[in-house]
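Worksheet for the structure shown next.
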Amino acid sequence: MKLTFFSSQPYDRIFFERYNDSLGFELSFLDVALDETTASLAKGSDAVCVFVNDKVTAPVIASLKDNGTKVIALRCAGFNNVDIEACRQNEIHVCRVPAYSPEAVAEHAVAMILTLNRKTHKAYNRVREQNFSLNGLLGFNLHGKTVGVIGTGNIGKAFCRIMLGFGCTVKAFDLVANKEMEAIGVTYHPLMEVLQSDIISLHCPLNEQTRHLIGPETIGYVKKGAMLINTGRGALIDTKTMIEALKKGYISALGLDVYEQEEKLFFRDLSTKIIQDDDIQRLMSFPNVLITAHQAFFTDEALSQIAMTTLNNVSQLLKNSNLKDQAALLV
Ligand code: NAI
């Protein structure tokens, strides 16, 4: 059984080869992204494995089907880049890794909060230059602050637990209140009230309801001086609105692990290239913006879990057309 990877990186090869011994797939690693021009490279593959910025559109799915692909395996949790209906119509199974390591992403969101607040990234450079001044490094205590969490699924829950540990008041917005979270002190409120928190962290999926969740209609509800963290998906935030809010000093700090136009930038070394995306250049020019390139998931534990679960998903789907873990099965 042949499994072809798109957008693969050296670390994907290491982790997938490590866990493939017992399953014995023929693994083929391509570094190109999946789109209409590259779909034919999967010819003869029983399954393809894709990541967050591969474009699994209707024409791509039709091409995969023509070339014999039966399963599309996402090696991630979010699936906003896949035309699920087109997969259904073409009778191609789609699976994902629903909860490989929620703590990895939650801990990265917290790392961004601590960095932006206590400015350790600036202090590190300063001290190396023998500048021992503290001016400009003033932070605030997290203890006693209100943290707003949008989406209390696997990652949001892990994030809430950490923030409660810091002594924060945690207010959440989700379509359904989670009893386990309520039991430990998280309270649920309408979105506009949660946007009034000192720190806001986004942990909901990207879909038609959440696209530009922070945008022209909602930015006015965000507390003046709030810190905003996005480790969900880039398009949860309207970039243009955010740039304006930063210019006006409306947002005190912004932490992005995901970016609306990230597919042309992230997961590549562009250090010798001229970046054509003026929005990211503007964002990077603000002293109170911290950007990481979609690395929140990037821990040893998470990559192990992703590789094991993905290979097992593909194996089960090719053998039985079904999965034990129904949360992993999208089609
Ligand atoms: P999950 O499915 O466990 O939880 C999502 C939560 O969001 C659910 O509780 C759901 O009810 C809620 N939700 C859905 N629509 C909503 C809406 N309109 N408003 C408010 N809440 C809503 O997903 P999980 O594992 O917690 O992941 C969340 C997102 O994080 C993923 O969809 C993915 O986009 C992103 N992610 C980012 C990673 C990174 O490396 N930066 C890695 C993994 C996931």
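The values are calculated or read from the model by the stated rules, or taken from the named source; none is laboratory data. Computed from a predicted model, the values in this text were never measured in an experiment. Note that each Cβ is placed from the backbone with ideal geometry, even for glycine, and that neighbours are counted across all protein chains shown. Accessible surface is based on the protein model in full, side chains and every heavy atom, while ligands, DNA and RNA are left aside. Shrake-Rupley method; radii C 1.70, N 1.55, O 1.52, S 1.80 Å.
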Checklist entry - In terms of the Cα gyration tensor, with a ≥ b ≥ c the square roots of its eigenvalues, is segment 102-291 rounded because a/c is under 1.5, prolate because a/b exceeds b/c, or oblate? => result oblate
Item to check | Local electrostatic count at Phe267 - Lys and Arg +1, Asp and Glu -1, tallied over other residues with Cβ under 12 Å | outcome: -4
Next on the checklist: Give the separation of the Cα centroids, segment 23-93 to segment 182-201, in Å.
Outcome noted: 38
Checklist entry - Taking a point 7 angstrom from the Cα of Leu23 along the C-beta vector, which residues in segment 55-79 have backbone N less than 11 Å away? => result 73-75
Checklist outcome for this item: Sorted by accessible surface (1.4 Å probe, heavy atoms of the protein chains only), largest first, Arg88, Arg126 come out as Arg88, Arg126
Item to check | Heavy-atom accessible surface of the chain: percent carbon and sulfur, 1.4 Å | outcome: 52
Checklist entry - Excluding Phe297 itself, what net charge comes from residues whose Cβ is under 14 Å from its Cβ, given Lys and Arg +1 and Asp and Glu -1? => result -4
Item to check | Residue pairs, from the table Lys224/Lys264; Lys157/Lys240; Lys55/Lys240; Lys122/Lys157; Lys248/Lys273, whose Cα atoms sit over 27 Å apart | outcome: Lys224/Lys264; Lys157/Lys240; Lys122/Lys157; Lys248/Lys273
Checklist entry - Residue separation times 0.36 nm, minus the C-alpha to C-alpha distance between Glu244 and Glu301: what's the value? => result 16.7 nm
Item to check | Set of aspartates and glutamates with alpha-carbon distance to Lys2 below 17 Å, sequence-local pairs under 8 removed | outcome: Asp12, Glu17, Asp21, Glu26, Asp31, Asp46, Asp66
Next on the checklist: I'd like the accessible area for Arg18, computed on protein heavy atoms only with a 1.4 Å probe and all protein chains in place. Round to 10 Å², please.
Outcome noted: 120
Checklist entry - Per-residue ellipticity at 222 nm for the chain, helices alone: DSSP H runs ≥ 4 residues times -39500 (n - 2.57), over residue total, nearest 500 deg cm²/dmol? => result -10000 deg cm²/dmol
Checklist entry - Accessible area of Val32, 1.4 Å probe, to the nearest 10 Å²? => result 60
Checklist entry - For the chain, what is the charge dipole size about the Cα centre, in debye to the nearest 20, if Lys and Arg each add +1 at the Cβ and Asp and Glu each add -1 at the Cβ? => result 780
Item to check | Normalised alpha carbon radius of gyration of segment 206-331 [divisor 2.2 N^0.38 Å] | outcome: 1.33
Next on the checklist: Using only the Cα atoms of the chain, what semi-axes does the equivalent ellipsoid have when each is the square root of 5 times a gyration tensor eigenvalue? Give whole Å, largest first.
Outcome noted: 36, 22, 19
Item to check | Lys122, Lys248, ranked by accessible area, largest first (probe 1.4 Å) | outcome: Lys248, Lys122
Checklist entry - What ranking, highest mean first, results for peptides 187-197, 258-268 when packing means the other Cβ atoms within 10 Å averaged over each residue? => result 258-268, 187-197
Checklist outcome for this item: Over the chain, with neighbouring protein chains present, the accessible area per residue in Å² at probe 1.4 Å is 48
Checklist entry - Excluding Glu180 itself, what net charge comes from residues whose Cβ is under 11 Å from its Cβ, given Lys and Arg +1 and Asp and Glu -1? => result +2
Item to check | 17 Å Cα-Cα reach of Lys171 towards aspartates and glutamates, excluding residues that sit fewer than 8 places from it in its own chain | outcome: Glu180, Glu182, Glu193, Asp198
Item to check | Tyr124 accessible area, 1.4 Å probe, all protein chains in place, Å² to nearest 10 | outcome: 140
Checklist entry - Of the cross-linked pairs Lys70/Lys324; Lys145/Lys179; Lys179/Lys324; Lys179/Lys223, which ones have a Cα-Cα span greater than 21 Å in the structure shown? => result Lys145/Lys179; Lys179/Lys324; Lys179/Lys223
